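Each remark here refers to the structure printed beneath this line.
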Amino acid sequence: MIQIGDIRIHLIDDAQIMGDAGGMFGLVPRALFKEYVMPDADNLIPSHHHCLLVEAEGKKIVVDAGYGDKLSEKQKGHLRFTPSRGRLLGALARLGVRPAEIDIVINTHLHNDHAGGNTAQMPDGTIVPVFPNAEYLVQRREYEDAMRPNERTRATYLPVNYQPLVESGQMRLLDGDTEILPGVFGIVTPGHTPGHMSVRFERGGQHAAFVCDMASYAIHFERLGWMTAFDVEPLITLETKRAWQAWALETDALLIFPHDPVTPVGKLKRMDDGKLKVIKVEAEFV
């Protein structure tokens, strides 16, 4: 558990998949990225799926909902899907939190691995919210792009994860940077998608951020030119990271990364040689 002033942040690992290294590292040569994470014989590397439970101002907030339970066995096999201990809901249960007690769900973006757990499918095919009493939040631009996918994005933008929530009024669309609760901010961090959002925490002079897919791995935050092949606007990702690097150095912020199997939490430091490096901070997952 991470404490930022009186804001409590619980780290949850929903699942692991194995993905092609070219997806996570794009144009970065294997000779360079293998020093960080070594691909297996099939050129696959692990990708974890981190979610948060945040307790602030008497509210319980889930940040990103993981894959959920709507994947078919074929999809799980393709992903080499390995569930964590009890998944997101199991972790919440270990914290003594029922889905009905969640007040807010923040979707950083609407890709299936981050928003699939928003909804569940009942045996009769009915789609229901996993968190029945929560207000779901996402950027309006992200929702608009998700509702108009193209050949590149339609495999990960699945309306069943969000359209019913918007139609029912349970999902609120944000128009830019928003203070969700005192000290909890949704900040637009474009590049991975134009409407991608990171979550920033500030309290008592302490700072943290769930950067999400602005930097899927810590090494992506450390090195401006390293980014995933999934970023739809990679040069914008680069400039977004440049600004956030400056913020992280200025505030000594704790950084939480969404998919990193090596350094899920760290701080950006300038080393004696002038280079930037994310230093791992040990943090316990639920």
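Label separation (residue 73 vs residue 140): 4.5 nm, computed from points 7 Å beyond Cα along the C-beta direction. Looking at the chain, the DSSP beta bridges with both ends there are about 75 percent antiparallel. Of the GluC sites (Glu not before Pro) found in the range 229-286, those that fall in a DSSP loop while having at most 11 other beta-carbon atoms within 10 Å are 282, 284. Dipole of the chain computed with +1 at Lys/Arg Cβ and -1 at Asp/Glu Cβ about the Cα centre; of 248, 228, 36, farthest Cα towards the positive end is 36. The relative contact order of the range 2-280 comes to 17 percent, based on Cα pairs under 8 Å that sit 6 or more residues apart. Setting aside same-chain residues fewer than 8 positions from residue 280, which lysines have a Cα under 25 Å from its Cα? Result set, ordered by chain and number: 34, 241, 267, 269. Put in line by how crowded their Cβ is, counting other Cβ atoms within 10 Å and starting with the fewest, 175, 260 read 175, 260. Evaluated with a Cβ-only charge set (Lys, Arg +1; Asp, Glu -1), the range 44-192 carries a dipole of roughly 600 debye about its Cα centre, given to the nearest 20. In this rough spin-label picture, where each label sits 7 Å from Cα along the Cβ direction, the residue 284-residue 155 distance is 3.9 nm. Placing a pseudo-label 7 Å from each Cα along the Cα-to-Cβ vector at residue 179 and residue 3 gives an inter-label distance of 2.4 nm.
Averaging the Cα positions of each part gives two centres, and for the range 89-162 and the range 196-241 these lie 21 Å apart.
Here r is the Cβ-Cβ distance between residue 31 and residue 133 and R0 is 51 Å; the resulting FRET efficiency, rounded to 0.05, is 0.50. Taking all Cα pairs closer than 8 Å and separated by 6 or more residues, the relative contact order of the range 159-235 comes to 21 percent. Basic side chains Lys and Arg get +1 at the Cβ, acidic Asp and Glu get -1 at the Cβ, and with that the dipole of the chain about its Cα centre reaches some 380 debye.
Each reported figure results from applying straightforward, stated rules to the coordinates on display, with no laboratory input. Owing to the predicted nature of the structure, the values given are computational and were not obtained by experimental measurement. Heads up, the Cβs are rebuilt from the backbone with ideal geometry, glycines too, and the neighbour counts pull from every protein chain shown.
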